[in-house]
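Visitor: Mind having a look at this structure? Questions to follow.
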Amino acid sequence: MLSLDRNWNLVMRPNQWSDIVGQSQYVGMFQTMVNTHSFPSFSILGGPPGVGKSLIAELIGKSLTCTGEGQVPCGQCANCKSFDSGKSMRVIKYDMPNIGEDTIEEVITNIFKVDSTGTRVFILEEAHVMNRDRIQTRFLEGTTRIPEDVYIIICTTQPYSLIPALRNRASMFMLETPSDDECIELIRRASERFGFELPSIDIMTHFVKMNRNSPRGILQTLESLALSGSMDDDVLRTFLRMQGTTVFCDVLCALLDNTKSVYDFITVLHEDKEIDCVQIVRGLRDFVLSVLLEVSLGEKQAIPSEERKKVQRFLKEQGDKQLLRITDFLGGISNTDYISNSDAMFKLVSLKLKLLDLTTRKIVSDSREDAAEARMKSISDTVTKTRDMAVRKVISGDSFITSKESLKGHLGGL
């Protein structure tokens, strides 16, 4: 039975070190440091959004304040129980962006005051927003006299926005984005916890990529899907607007086809209104990998037969040099790179122009025509056609190509 607990991120918060998914390079180290009472009194956890900085900081705080015996946190002592109930007076979090400058002095005083009532852990979220010249400098003064029973953990996506002197006083740990396999393991654990059937591997991979390997984003998406009423694979594909390989085959063929101008290529990108260019870039990478398997290993099951015929025709006509250029381009974009839809569009158009260059260079050697002139003719044709109202409708009102100069500016002088 599907559990509809609200806020799956809260329900999935780790209570023990074994609950953490990812960060394997640090989890064992943190656990050992806590168990041997050697955790630094002042530390910084940096890393991208949603990778678990706050979760790990909280678990460190729970472990440091645990009064049980053996491995910590024990989960049974009074401090652990108060932490689990959200009422801990020893693990204190400050969301620095929401603290006004009129109360920051009170916060700093509270952190650094000498208190003999036991261990306290202060977690400061996004402390880099503190005024550099006044508040960070004021905070720096306090780090020279941190009480023996106080631990300060700063969690921030921008550790290098902290003043250098403050960073130098702290032990810095840079958390990394979890791998695909680690994120899929998180989905498996969520399926056990919330009672939904595990999606197929391609859907789980799509979850991971669309959320840029962010555990927080993955759980939020899963929760939204559960609340929509179904976790069936077909429903999930529709809900997530997942595409088959046909759209990626068409884009690849449009890249390989030297008869298609930049304008024609843009039209292909906009033929499917339900897909954005970020999905095209990532899906194209997987499809090209399948094509390479066929080309290099003869792996005939890699792509459907009809799509195989389409791609083979262009490879036969144009050779493998263009495919190598496409592979190099896609290999330079990792799963965790953040790119917007417009960024992805410009990257794809830039790639098309580079592939046209391969063709025009051959024209130069064969008939001494000017390759640059041939390429600019393609740009001019694109600009002219985009002035047509029907074309503007195809591009859904996107005005990124309004003149030859603006197009050249977007493409960085290619």
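Visitor: Would you mention how many residues in the range 66-101 are of a type outside the set (D, E) and part of a loop (DSSP other than H, G, I, E, B)?
Guide: The number of residues fulfilling the criteria is 19.
Visitor: Pairs, please: C-beta under 6 Å, at least 6 apart or cross-chain, first residue of a type in the set (A, V, I, L, M) and in the range 319-343, second part of a loop (DSSP other than H, G, I, E, B) and at pLDDT 80 or above?
Guide: none
Visitor: Out of the residues in the range 198-223 meeting the condition of being basic (K, R) and in a helix (DSSP H, G or I), tell me which one is nearest to G283 (Cα to Cα).
Guide: Across the range 198-223, the extreme among qualifying residues is K209.
Visitor: Looking for whichever is among the small types (G, A, S) and either within 16 Å of T156 (Cα to Cα) or surrounded by 22 or more Cβ atoms within 10 Å (Cβ to Cβ) (or both) here; the options are S24, S43. Which one fits?
Guide: Going through S24, S43 in turn, just one is among the small types (G, A, S) and either within 16 Å of T156 (Cα to Cα) or surrounded by 22 or more Cβ atoms within 10 Å (Cβ to Cβ) (or both): S43.
Visitor: Related question: Would you check which residues across the range 205-232 are more than 12 Å from N9 (Cβ to Cβ), open to solvent by less than 30 Å² (accessible area, probe 1.4 Å), touching a Leu at 6+ places or on another chain (Cβ under 8 Å) and not small (G, A, S) and list them?
Guide: F207, L225, M231
Visitor: I'm told I123 meets every condition in (1) in a strand (DSSP E or B); (2) at pLDDT below 85 except one. Can you identify the failing condition by its number?
Guide: If we test I123 against (1) in a strand (DSSP E or B); (2) at pLDDT below 85, just (2) comes out false.
Visitor: Scan the range 149-169 residue by residue and report those that are in contact with a Pro (Cβ under 8 Å, 6 or more places away or on another chain) and either assigned to a helix (DSSP H, G or I) or open to solvent by less than 20 Å² (accessible area, probe 1.4 Å) (or both).
Guide: Listed by number, the list holds a single entry, R167.
Visitor: For residues that are among the charged types (D, E, K, R) and without any contact (Cβ under 8 Å) to a residue 60 or more places away in the chain, scanning just the range 70-103, find the one that is surrounded by the most Cβ atoms within 10 Å (Cβ to Cβ).
Guide: R90
The values are calculated or read from the model by the stated rules, or taken from the named source; none is laboratory data. Predicted, not measured: the structure shown is a model, and the values here were computed from it. Every residue, glycine among them, receives a Cβ derived from its backbone with ideal geometry; neighbour counts consider all protein chains shown. Calculation scope for accessible area: heavy atoms of the full protein, side chains included, ligands and nucleic acids excluded. Shrake-Rupley method; radii C 1.70, N 1.55, O 1.52, S 1.80 Å.
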